[in-house]
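Notes for the one structure printed next.
The values are calculated or read from the model by the stated rules, or taken from the named source; none is laboratory data. Remember, it's a predicted structure, so these values are computed and weren't measured experimentally. Because the Cβ atoms are built from the backbone with ideal geometry, glycine has one as well, and the counts that use them run over all protein chains shown.
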Amino acid sequence: MALDKNGIAKRIAQELKDGWYVNLGIGIPTLVANYIPEGIEVEFQSENGILGMGPFPFEGEEDPDLINAGKQTITARKGAVYFDSATSFAMIRGQHVQLTVLGAMEVSQEGDIANWKIPGKMVKGMGGAMDLVASADNIIVAMMHANKAGESKILKKCTLPLTGVGCVKKIVSDLAVLEVKDGKFHLIERAPGVSVEVIVSLTEGDLVVPDFVPEMEI
Amino acid sequence: MNKVVNNVEEALKGIQDGMTLMLGGFGLCGIPENSIAQLVKMGIKDLTCISNNAGVDDFGLGLLLQQRQIKKMVSSYVGENAEFERQMLSGELEVDLIPQGSLAERCRAGGAGIPAFFTPAGYGTEVAEGKEVRIFNGKPHILETALTADFSIVKAWKGDTEGNLVFKGTARNFNPMMAMAGRITIAEVEELVPAGELDPNFIHTPGIFIQRIFKGEKFEKRIEQRTVRQRN
């Protein structure tokens, strides 16, 4: 069965390593914070200016001066720090953040990503996404493999305006874990109960399929 | 050097039609809400506003948009504002969307005497169109220029009579860089204290960047996305 949003977040959380600073984008990536594997410590950076972001506050304890990049009220963990936006993006561009997780509308087999604009329809802006994808060494994209009409979002070439080029190395979708290298997608794992055939049929880009494709363990 | 002005009217003196303003804040967090209300009252038009976001329909910069006081917005993300989207798609409003880190650095550069810098953000996208590309360490970067403003308006938690500022939580965001990049910078603060009361070790923005400071009359501090967890 295809994973739901929480399933995708859970699988991505398995990629976290002890001691990492991690930036989570808006949407599915935010959910990753709920599934940190036991025994490891990571710190979440939010680009509006906090390192050491904690869970949502208890009702009645919301602080309007304490939000994440999605403008949601949050809390700060012990040892947290606040900083300005220039310092925040120095952390990001300077590659001091070890992992970036973000959503995408489309990804291409060259590692290009589109997630900020649908011409004529949706023009919200790129926020910090272009800075994040241009700089991060380690980017995981959380996305649905296909849109509601069943059209693949994992493509030979992106059709929407790009957010960054040649930057995506790994995708966790509702159907599969893919690596992006040498101009091709590589099937690494499939969601529990999802067949290789379904993944192949919903992947428009070139997909390398090994003889054995393990199921995700989540 | 005493930078204190009595009220918001005095603080915003000199702002005129057609000027470029920087306004601090991220979403509705850390925005100079007293000054925005006063700009609405003054009815100043054809403004170019440099601000990470454009408020929501009925708060923050959304109030200026409603009155059609803004000619051009320079922002990184404007998704929470339906009136903004309408004015942009209909061509009434000019919009320059800039990657958030580049926006922050362009403001910082403007205040720091750096005319331009290279960044990898936006390379290969429409943001890079018409911009010089250079390779550093094997990676392409694009040239981004500094931003300055006729007036910068920032919001701080505490300020002293010298204009030294302390911010609270994530309300700091763009305020310190914008404070540096205004030809005249106005700070509205929640608490205004005599010089000497703030510990010089813990001041975020030195008063040299501030020309006028005043205590805001009221701060609504509206929350954009109230998210909570249940107590067990």
2 or more residues surrounded by fewer than 21 Cβ atoms within 10 Å (Cβ to Cβ) and over 12 Å from the mean Cα position of the chain (by Cα): qualifying strands (runs of 3 or more DSSP E) within region B:1-91
B:70-75
Residues within region B:163-182 that are in contact with a helix residue (DSSP H, G or I) (Cβ under 6 Å, 6 or more places away or on another chain), within 7 Å of another protein chain (Cβ to nearest Cβ) and either not hydrophobic (A, V, I, L, M, F, W, C) or not in a helix (DSSP H, G or I) (or both), tallied:
2
Selection count where residues are at negative phi, under 19 Å from the mean Cα position of the chain (by Cα) and either buried (at least 17 other Cβ atoms within 10 Å of the Cβ) or within 8 Å of chain B (Cβ to nearest Cβ) (or both), scope region A:27-70
20
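Checking the conditions here, which among B:ALA121, B:ALA128, B:ALA179 is under 14 Å from the mean Cα position of the chain (by Cα), at pLDDT 95 or above and buried (at least 20 other Cβ atoms within 10 Å of the Cβ)?
Working: B:ALA121 fails: under 14 Å from the mean Cα position of the chain (by Cα); B:ALA128 fails: under 14 Å from the mean Cα position of the chain (by Cα).
Among B:ALA121, B:ALA128, B:ALA179, only B:ALA179 is under 14 Å from the mean Cα position of the chain (by Cα), at pLDDT 95 or above and buried (at least 20 other Cβ atoms within 10 Å of the Cβ).
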Based on this model, can you work out whether B:ARG134 counts as basic (Lys, Arg) and in contact with a Leu (Cβ under 6 Å, 6 or more places away or on another chain)?
no
I'd like to check something: does region B:152-162 contain any residue that is in a loop (DSSP other than H, G, I, E, B) and farther than 27 Å from A:GLY166 by Cα?
yes
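Look at region B:90-118 and say how many of its residues are among the small types (Gly, Ala, Ser) and in contact with a strand residue (DSSP E or B) (Cβ under 9 Å, 6 or more places away or on another chain).
Residues in region B:90-118 being among the small types (Gly, Ala, Ser) and in contact with a strand residue (DSSP E or B) (Cβ under 9 Å, 6 or more places away or on another chain): 6 in total.
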State whether one or more residues within region A:77-94 are more than 8 Å from chain B (Cβ to nearest Cβ) and touching a residue at least 40 places away in the same chain (Cβ under 8 Å).
yes
Please list, ordered by first then second residue, the pairs with beta carbon atoms under 6 Å, 6 or more apart or interchain, first in region B:195-214 and β-branched (Val, Ile, Thr), second part of a helix (DSSP H, G or I).
B:THR205/B:PRO176; B:THR205/B:ALA179
Long-range neighbours under 7 Å by Cβ, at least six apart or interchain, first residue of a type in the set (Val, Ile, Thr) within region B:107-121, second part of a helix (DSSP H, G or I)
B:THR119/A:ARG93; B:THR119/B:SER102; B:THR119/B:GLU105
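Let me confirm something: among A:LEU3, A:LEU24, A:LEU16, which residue is under 17 Å from A:THR75 (Cα atoms), crowded, with 17+ Cβ neighbours inside 10 Å and aliphatic (A, V, I, L, M)? Quick ask: steps written out before the conclusion?
Numbers: A:LEU3 fails: under 17 Å from A:THR75 (Cα atoms); A:LEU16 fails: under 17 Å from A:THR75 (Cα atoms).
On inspection, the qualifying residue turns out to be A:LEU24.
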So which residues in region B:185-232 are more than 28 Å from B:LEU12 (Cβ to Cβ) and buried (at least 20 other Cβ atoms within 10 Å of the Cβ), if there are any at all?
none
